[in-house]
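Here the structure comes first, spelled out in structure tokens, and everything after it is commentary.
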Amino acid sequence: MTKPTSTYDADTALTKLINLFGRPPLLRNEQFEDFKQVFAGLYAALGPEDFLIEVDVYHLSIETWRTFRLTRYEAVMLNKWEADQRRTLAKKTKNETLKEGMKEIRKNYPNAAETDPQYQEAITKLNENAAAEYESEINLYAIDLDYVQAYEECSASVEKMELRISRAHKRRDDILRQIAWWRLGLSKKLRKFSDAIIEGKGGSLAATSDVVSLIPMGELHG
């Protein structure tokens, strides 16, 4: 059973570990206070009994942080691809609108001068409509099909990212196994120490029938 821990215990342990090993590998857009919460949660859950497990909890916090960072990056990558595709399609639509619109304007004003007010007004209205159409396309709500296409186009990059995520998960699992292995070894050591005390100076404390009297049947059922 692990001992209960407090926020003070986690803060003290984290300060000590940072003084010894340096700050966690956070990026500029990542907040140290958020990492402290991750460490405090894992510290409370695992309740380190000694310095060795405290070090493991520190590494576990780093790998947990890295796992979620990489998972976040996968979403960022797919969102960026989808946004780039949306801008490309919106720009194509805008250009086609302007091209067809200019054809219509020249048809309606075949002999108008470039400075003709009606001609200029028609061009201004066309540009405004094309810009509004572009913004509408850019802000259009993304659907699953958009991301299916993103996965297809970015499959190699997605697979690389998911491999990194899997490796981070494996490192986390390895640390947890290391903690479990250490605790198992410690419990065996403590049992041997306890057995040595029990069977040592005071002799065997095992209870036998000649040491402990039997309970009379009447009392047992009464």
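The values are calculated or read from the model by the stated rules, or taken from the named source; none is laboratory data. Just so it is clear, the structure is predicted and the values come from calculations on it, not from any experiment. Ideal geometry is used to build each Cβ from the backbone, glycine not excepted, and the neighbour counts take in all protein chains shown.
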The residue from R177, R167, R183 that alone is basic (K, R), surrounded by 13 or more Cβ atoms within 10 Å (Cβ to Cβ) and without any contact (Cβ under 8 Å) to a residue 12 or more places away in the chain is R167
Which residue, of L70, L89, is in contact with a Lys or Arg (Cβ under 6 Å, 6 or more places away or on another chain) and within 27 Å of A142 (Cβ to Cβ)?
-> L70
Would you check if E96 is surrounded by 14 or more Cβ atoms within 10 Å (Cβ to Cβ) and in a helix (DSSP H, G or I)?
-> no
What pairs can you find where one residue is in region 3-30 and more than 17 Å from L60 (Cβ to Cβ), the other is modelled with pLDDT under 95 and in a loop (DSSP other than H, G, I, E, B), and their Cβ atoms are less than 6 Å apart, with a gap of 6+ or different chains?
-> K3/G47
Kindly establish whether A45 is part of a helix (DSSP H, G or I), of a type in the set (A, V, I, L, M, F, W, C) and without any contact (Cβ under 8 Å) to a residue 12 or more places away in the chain.
-> yes
Going through region 157-180 in order, the residues found to be under 14 Å from I53 (Cα atoms) and either among the acidic types (D, E) or modelled with pLDDT under 90 (or both) are D174
Is it the case that D11 is surrounded by 12 or more Cβ atoms within 10 Å (Cβ to Cβ) and under 30 Å from L176 (Cβ atoms)?
-> yes
Could we say that R23 is surrounded by fewer than 17 Cβ atoms within 10 Å (Cβ to Cβ), under 23 Å from R171 (Cα atoms) and under 21 Å from the mean Cα position of the chain (by Cα) here?
-> yes
Taking the residues in region 69-114 that are among the charged types (D, E, K, R) and in contact (Cβ under 8 Å) with a residue 12 or more places away in the chain as candidates, determine which candidate is farthest from Y134 (Cα to Cα).
-> R69
Specify the residue that is farthest from the chain's Cα centre (by Cα); the eligible residues are those in region 31-77 that are surrounded by 19 or more Cβ atoms within 10 Å (Cβ to Cβ) and small (G, A, S).
-> A40
Scope region 78-90; condition surrounded by 13 or more Cβ atoms within 10 Å (Cβ to Cβ) and within 21 Å of M161 (Cβ to Cβ); matching residues | L78, N79, W81, E82, A83, Q85
Taking into account only those residues within region 99-146 that are surrounded by 15 or more Cβ atoms within 10 Å (Cβ to Cβ) and among the charged types (D, E, K, R), which is nearest to A75 (Cα to Cα)?
-> D146
